[in-house]
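K.L.:
Would you mind keeping the following structure in view while I ask a few things?
The values are calculated or read from the model by the stated rules, or taken from the named source; none is laboratory data. Model, not experiment: these values are computed from the prediction. Because the Cβ atoms are built from the backbone with ideal geometry, glycine has one as well, and the counts that use them run over all protein chains shown. All accessible areas refer to the heavy atoms of the entire protein, side chains included, with ligands and DNA or RNA removed. Shrake-Rupley method; radii C 1.70, N 1.55, O 1.52, S 1.80 Å.
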Amino acid sequence: MKKLQLFLILPILSFPLFSQKNFTEGFIVTLAGDTITGKINEKDFYLNFSQCQFKADQGDQVIKYAPGEIAGFSIEGLNYFISESITEVDPDRPMKFIEVLVTGRTSLYKYKEHFIFKKDTLQYMVIESAPMIREQNGVYTNAKANLVHFGILTYLFQDCPEIELSPSKTNINRDKLISLTKQYNTCRGSDYE
């Protein structure tokens, strides 16, 4: 009987451990452009697209910022998010935090499973992340670009002949798109970060 009671009590006692927040060094950027260092909750990555949980010191109360209330935030050594109004993805919620992957003449951002390009004065162009597929050897990889992805990438990078794209060889994943965007900015003589 004692084993049964212990078995029933252990999950209840361990629940608070699973709900703990994971605050990491970082900073927020106010709408006035001021930087405030502190700690950012980075436990739930997808939460970062809709809110920033911030506290100046370990013992301080958590302040939740929505997109539009701050200009952006950064989790030290991991990610930088900016507050942006984009209706091309999730139009019911135009204001959102988007992750900055590359900034330059052509910039690359990420919102959940969507990669977002901004080139010169063009509107945002969105590519949805390709699904993972299982190959014969059991390894999972990103699917190759479909014709829509290929068309968008070809259009974006058309003025840089050094970039060779192929729908059968171009993966739609974070690293590949970052590499292509940096390669394009270099080709066009644009600085990038």
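K.L.:
Can you compute log10 of I(q)/I(0) for the stretch 22-67 with the Debye formula, treating each Cα as one identical point scatterer, at q = 0.27, 0.29, 0.32 Å⁻¹?
P.N.:
-1.06, -1.17, -1.29
K.L.:
Separate question: Please list 24-36, 157-169 highest first by mean number of surrounding beta-carbon atoms within 10 Å per residue.
P.N.:
So the peptides 24-36, 157-169, ranked by packing, come out 24-36, 157-169.
K.L.:
Same structure again: According to a simple spin-label model (label point 7 Å from Cα along Cα-to-Cβ), what is the distance in nm between LEU165 and LEU147?
P.N.:
1.5
K.L.:
How much accessible area does PHE45 have with a 1.4 Å probe, in Å² rounded to the nearest 10?
P.N.:
Surface accessible to solvent at PHE45 totals approximately 70 Å².
K.L.:
For the stretch 67-114, just say rounded, prolate or oblate: build the C-alpha gyration tensor, square-root its eigenvalues into a ≥ b ≥ c, call rounded for a/c under 1.5, and beyond that prolate if a/b exceeds b/c, oblate if not.
P.N.:
Numbers: a/c = 1.76, a/b = 1.27, b/c = 1.39.
Judged from the Cα gyration tensor, the stretch 67-114 comes out oblate (a/c at least 1.5, b/c at or above a/b).
K.L.:
Taking a probe of 1.4 angstrom, what is the accessible area of LYS118 in Å², to the nearest 10?
P.N.:
Counting only protein heavy atoms, LYS118 exposes about 50 Å² to solvent.
K.L.:
Hey, which of these cross-link pairs are over 27 Å Cα-Cα: LYS119/LYS176; LYS64/LYS112; LYS39/LYS176; LYS64/LYS176; LYS55/LYS118?
P.N.:
Beyond 27 Å: LYS39/LYS176; LYS64/LYS176; LYS55/LYS118.
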